[in-house]
Amino acid sequence: MCSKHLSRRVFVKRSGHITALGLFTPSFMSFNNTNNYLSQSGDSVDASTDFVSGGGSITLVKNDPVTLTLKPHNQNNGGWSQVWWYFKLEGVTPGEEVTLQLEIGNPRISGISPKATFSYDQTSWGLTNTGKLEVIDGQEFLVYKHVVRNDKVWFAYDLPYTPEIMENDLLPKAFRDVGVDVYELSKTLKNRSVKALSFKSPDSKSEKYGIWLQARCHAFESGSSWVLHHLADWLLSNDPKALMLREIADINIVPIVDLDSVVEGRTGKMQLPYDHNRGWYEEPGHWPEVRAIKGQIKELSNQNKADMFIDFHGPGGESHPYFIVPVSKHLPARKQSQNRAKFFDILGAKPMSDKLSQTQSMNQICYSARENEINKGNSTSWVINNSTDCMVGLTIEVNMNTPLSTIEGYRSEGTVLGQAIADYFVGGHHQK
């Protein structure tokens with residue numbers, strides 16, 4: 001793909017999308033583009049979102065120093081519906097300070113990241129300094145400043161996890177493992193292929209466990225895919241606990257559920273008619289990927305192999321990762337409550353207290369019981385009510401947007417969770 005370098009007096013913001021075939025189809029929107037010409041290095045600035053997961057909108061405020069205004073992608077439903085942004089900036093001078101002014105809206109949008117994420121190669125990522133609230137021309141912004149070290153840099157709301165990462169890092173390992181099938185869960189409404197991994201137990205016994213793990217019902221929650229990615233990577237390792245779990249359980253993993261929104265750089269949450277974590281009680285349901293998941297869970301239930309379901313989410317928050325669960329009295333079966341309590345005991349999960357909410361880690365997982373969560377019609381409540389009476393159904397909120405939310409941090413969280421799942425099932429603690 002060709003790219004013109006434009007004078008800093010002429011700022012171009014490029015946006016694009018991925019077609020059903022996965023090819024880039026960029027569109028261009030320029031400002032005062034009558035002076036387009038090739039320029040000398042350091043005399044041009046160009047911001048683009050025409051890559052996988054690129055999103056939001058960018059406006060040049062001034063060019064010396066480079067100052068940009070950002071608007072996250074907006075699902076137009078308020079609150080958490082306006083979160084994701086991710087763009088590439090080229091033509092900056094190494095050593096110069098770039099200022100990013102994030103519009104925070106009125107009323108203020110939810111889930112703002114205190115620090116922006118940056119990279120010079122889309123592989124190694126770091127954090128900017130903490131943003132500062134400023135009122136500029138009567139409008140409130142969170143202002144990030146970053147001294148760039150290259151003439152090209154990517155900035156994002158949080159550590160991006162794209163289908164390319166799954167396809168380049170996780171799936172090749174799965175293909176090499178004879179005990180793992182990589183399969184197409186479904187096609188999206190835009191004809192993209194949603195990939196899933198199936199770990200099949202070699203044990204021929206009919207009494208086996210069934211575990212379903214999925215992430216990214218909300219596209220902007222990239223950290224959820226990272227944690228599940230590393231949990232899957234741990235399952236593919238030679239860790240004795242992983243090998244023992246695979247002996248006795250069939251495990252299905254979906255790293256990205258709302259693939260269309262992830263690819264197109266959309267927030268995903270609160271999209272109409274409902275997002276991928278709502279409307280689970282609707283029949284047949286709007287989203288083909290959700291219909292496919294429900295169908296497979298029903299089949300597992302018929303085989304008495306629906307034992308654990310975890311939906312991985314991840315809002316902003318500077319605390320421990322935690323499960324959102326209904327209080328025990330709202331669970332439809334006593335064994336569900338007993339099994340959940342035993343799993344939390346094995347994991348060492350603690351109630352999320354005011355004191356715990358003031359600290360953070362990646363491996364102390366907490367839980368928060370909600371009086372009304374069972375009635376919301378989301379994924380976990382549907383599974384709890386439409387599977388087996390022994391199901392451990394959970395929603396986990398991984399802690400994105402923190403200094404600990406790195407690839408290593410997410411790996412630690414995924415491994416801790418995987419080991420606890422193994423201890424729970426291999427140790428014979430699950431009541432069928």
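The values are calculated or read from the model by the stated rules, or taken from the named source; none is laboratory data. What you are looking at is a predicted structure, and each value in this text was computed from that prediction instead of being measured. All Cβ positions, glycine included, derive from the backbone under ideal geometry; neighbour counts span all protein chains shown. Each accessible area value is taken on the protein alone, full model and side chains, heavy atoms only, with ligands, DNA and RNA left out. Shrake-Rupley method; radii C 1.70, N 1.55, O 1.52, S 1.80 Å.
Given H placed on each backbone N at 1.01 Å, which residues far from residue 377 in sequence or on other chains put an amide H within less than 5 Å of it?
none
Given a Förster distance of 41 Å, report the FRET efficiency between residue 247 and residue 358 from their Cβ-Cβ distance, rounded to the nearest 0.05.
0.50
Compute the distance in nm between two label points, each set 7 Å from the Cα along the Cα-to-Cβ direction, one at residue 99 and one at residue 237.
4.5 nm
Amide H to amide H under 5 Å from residue 366: which residues, 5+ apart in sequence or cross-chain, H placed 1.01 Å off N in plane?
It is 322, 323, 350, by chain and number.
Based on the Cβ-Cβ distance from residue 76 to residue 281, what FRET efficiency comes out when R0 is 25 Å, to the nearest 0.05?
On the way: r = 24 Å, r/R0 = 0.97.
It comes to 0.55.
Restricting the count to DSSP beta bridges whose residues both fall in the chain, what percent are antiparallel, rounded to a multiple of 5?
Numbers: 55 of 87 bridges.
Restricted to the chain, the bridges split so that about 65 percent are antiparallel.
Using Cα springs under 10 Å in a Gaussian network model of the chain, which residue among 228, 236, 356 shows the largest mean-square fluctuation?
Per the Cα network of the chain with a 10 Å cutoff, 356 tops the list.
Students sometimes get this wrong: rank 50, 169, 137, 345 by accessible area, probe 1.4 Å, all chains present, largest first. Don't skip to the answer; put the middle values down first.
On the way: 50 15, 169 65, 137 160, 345 100 Å².
Largest accessible area first, the residues go 137, 345, 169, 50.
Hey, what angle do you get for helix 222-235 against the long axis of the chain, alpha-carbon based, 0 to 90 degrees rounded to 10?
50 degrees
What angle, in degrees between 0 and 90 and rounded to the nearest 10, separates the Cα long axis of helix 288-302 from the longest principal axis of the Cα atoms of the chain?
10 degrees
Give the Rg (one decimal place) followed by the Dmax (whole number) of the stretch 381-430, computed from C-alpha coordinates and expressed in Å.
Using the Cα atoms of the stretch 381-430, the pair Rg, Dmax is 14.3, 40 Å.
Could you pull out which residues in the stretch 391-432 have an amide N less than 14 Å from a spot 7 Å beyond the Cα of residue 335, following the Cα-Cβ vector?
What the label zone holds, given the 14 Å backbone N cut-off, is 391-393, 429-432.
With the Cα gyration tensor of the stretch 242-287 giving a ≥ b ≥ c as the square roots of its eigenvalues, does the rule (a/c under 1.5 for rounded; else a/b larger than b/c for prolate; else oblate) give rounded, prolate or oblate? Don't jump to the answer; show the numbers that get you there.
Numbers: a/c = 4.10, a/b = 1.86, b/c = 2.21.
Oblate.
Under a 5 Å amide H to amide H cut-off, with H placed in plane at 1.01 Å, what residues pair with residue 393 once short-range neighbours are removed?
309
Angle check, please: helix 407-426 long axis (alpha carbons) against the longest principal axis of the chain (alpha carbons), in degrees 0 to 90, nearest 10.
Roughly 10 degrees, rounded to the nearest 10.
Can you send over the solvent-accessible area of residue 261, 1.4 Å probe, protein chains only, in Å² to the nearest 10?
0 Å²
Can you divide the C-alpha Rg of the stretch 160-257 by 2.2 N^0.38 Å and report the result to two decimal places? Write down the numbers at each step before the final one.
Values: Rg = 13.5 Å, N = 98, 2.2 N^0.38 = 12.6 Å.
Ratio of Rg to 2.2 N^0.38 Å for the stretch 160-257: 1.08.
Using just the helices of the chain, give the 222 nm mean residue ellipticity in deg cm²/dmol: DSSP H runs with n ≥ 4 each add -39,500 (n - 2.57), and the total is spread over all residues, rounded to 500. All intermediate terms of the calculation are to be shown ahead of the outcome.
Numbers: 8 runs with 92 residues, N = 432.
That calculation yields -6500 deg cm²/dmol at 222 nm.
With charges set only on the Cβ (+1 for Lys and Arg, -1 for Asp and Glu), what does the dipole of the stretch 156-201 come to about its Cα centre, in debye to the nearest 20? Show your work: numbers first, answer last.
Values: 7 positive and 7 negative charges, 43 e Å.
Using Cβ point charges on Lys, Arg, Asp and Glu, the stretch 156-201 gives about 200 debye.
I want to verify a result. In a Gaussian network model of the chain, Cα cutoff 10 Å, which of these has the top mean-square fluctuation: 320, 230, 330?
Greatest mean-square fluctuation among the candidates belongs to 330.
Shape of the stretch 214-290 from its Cα gyration tensor (a ≥ b ≥ c, root eigenvalues): rounded if a/c is under 1.5, otherwise prolate when a/b > b/c, or oblate? Present the calculation step by step, with values, prior to reporting the outcome.
Working: a/c = 3.78, a/b = 1.88, b/c = 2.01.
It comes out oblate by the Cα gyration axes.
In nm, to one decimal, how far is the modelled label at residue 198 from the one at residue 298, with both set 7 Å along Cα→Cβ?
Going by the 7 Å Cα→Cβ label model, 1.8 nm.
Once neighbouring chains are kept in place and the probe is 1.4 Å, which whole percent of the accessible area of the chain is contributed by carbon and sulfur?
Values: 8730 of 17880 Å².
Roughly 49 percent of what the probe reaches on the chain is carbon or sulfur.
What shape does the chain take by its C-alpha gyration tensor, where a ≥ b ≥ c are the square roots of the eigenvalues and a/c under 1.5 counts as rounded, a/b above b/c as prolate, and the rest as oblate?
Numbers: a/c = 2.05, a/b = 1.82, b/c = 1.12.
It comes out prolate by the Cα gyration axes.
What aspartates and glutamates could a cross-link reach from residue 269, if we take a straight Cα to Cα line under 17 Å and drop same-chain neighbours fewer than 8 places away?
158, 221, 258, 260, 289, 311, 397
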